[in-house]
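Worksheet: the structure to be examined is printed underneath.
The values are calculated or read from the model by the stated rules, or taken from the named source; none is laboratory data. As the structure is a prediction and not an experimental result, all values here were calculated from the model. Here the Cβ positions follow ideal geometry from the backbone for every residue, glycine too, while neighbour counts run over all protein chains shown.
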Amino acid sequence: MPNPDQIPSEGELTVHKIGTRLQAIKMIDLTLSEKLIKEETGKDPVLREVSNHIKLGWKNQCNSHLKPYYRKREELAIENKIIMWGGRIVIPQGIQKAVLHYLHRGHPGTSAMRALARFYVWWPSIDEDIDRYIKLCHKCQENRPNDPELPIYSWSIPEKNWERIHIDFAGPFEGKYWVVVVDALSKWIEVRPMTKTTTVKLCAKLDGIFQG
Ligand SMILES: [Zn+2]
C-alpha cells in the first residue's frame, strides 16, 4: 500500500513537524516550506503585531487592520513562529499570491478553491482574493457552467490514511483513460492508465494499487 507519510519531500510543506493541530494539512504539497512561512510571517508588519498580541494579550481598542484578527483572537495561536487559526495557517502577505496559485491548480473554480482554502489557509481577504483570481482566469471562466456549487471537499476528514478514497476517471489523454485514486486524508494521489474503463479492469487496477 502506498505510504502517504513519505510524501513531503524537500521544498514541500512538512508542517506535520510543528504539532498535532497541523495534522489536517500535513500533506498539502504547497511548494512553500515551513521556513519560508516563518520568515515571511516575521517580515509581515501586521502579522508581527498579531503575534505580539497573541503572546501578550489584546487591547480592547485595536486599529482597523487588526480587526479581522481581533475577531478571531480566541482561536489564534502561534506554533513554531507560524500563526494558526484553528488548523489553518495564517498566510503572510508576501506569499499569498503563491498560495492562490497553488490552490488554483487544475482550475477548480471559485467554490472548490474556497473549500480547499478553508482546510489549509486563511488571511482576511482570502475569499475576495480567490474571486478576483478566478475572474482573471479564462479557463475557469469557460468551465464555469460545470463548476459544482457544492464544495468538493465537503466530506468529513477521515481519521486514518486510506480509510476513504475518491476515485475518478480522467481523459482520454494520450489515447488512454486514467484512473485517479485520491486518499481523502493525505490527498495522496495514485494515477494509472487504463485502456478500458470497465468494472473488471478497474478492480484489477485497484488491486494493483493496494497490493502492489
Ligand atoms: Zn483557472
Problem set entry | Filter result for residue 202 (of a type in the set (A, V, I, L, M, F, W, C) and farther than 23 Å from residue 159 by Cβ) | yes
For this session: Please give the helices (runs of 4 or more DSSP H) falling wholly within region 29-110 in which 3 or more residues are within 16 Å of the ligand (Cβ to nearest atom) and either under 28 Å from residue 136 (Cβ atoms) or at pLDDT below 95 (or both).
Result: 96-103
For this session: Would you mention how many residues in region 111-140 are within 14 Å of the ligand (Cβ to nearest atom), among the basic types (Lys, Arg) and touching a residue at least 24 places away in the same chain (Cβ under 8 Å)?
Result: 2
Exercise. Can you name every residue in region 173-212 that is part of a strand (DSSP E or B), farther than 26 Å from residue 116 by Cβ and modelled with pLDDT under 75?
Worked result: 176
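Yes/no matrix, rows are residues, columns are (1) surrounded by fewer than 21 Cβ atoms within 10 Å (Cβ to Cβ); (2) assigned by TED's automatic domain parsing to the domain that holds residue 47; (3) over 10 Å from the mean Cα position of the chain (by Cα); (4) of a type in the set (Gly, Ala, Ser):
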{"position": "83", "(1), (2), (3), (4)": "no, yes, yes, no"}
{"position": "90", "(1), (2), (3), (4)": "no, yes, yes, no"}
{"position": "102", "(1), (2), (3), (4)": "yes, yes, no, no"}
{"position": "106", "(1), (2), (3), (4)": "yes, yes, yes, yes"}
{"position": "114", "(1), (2), (3), (4)": "yes, yes, no, no"}
{"position": "117", "(1), (2), (3), (4)": "no, yes, no, yes"}
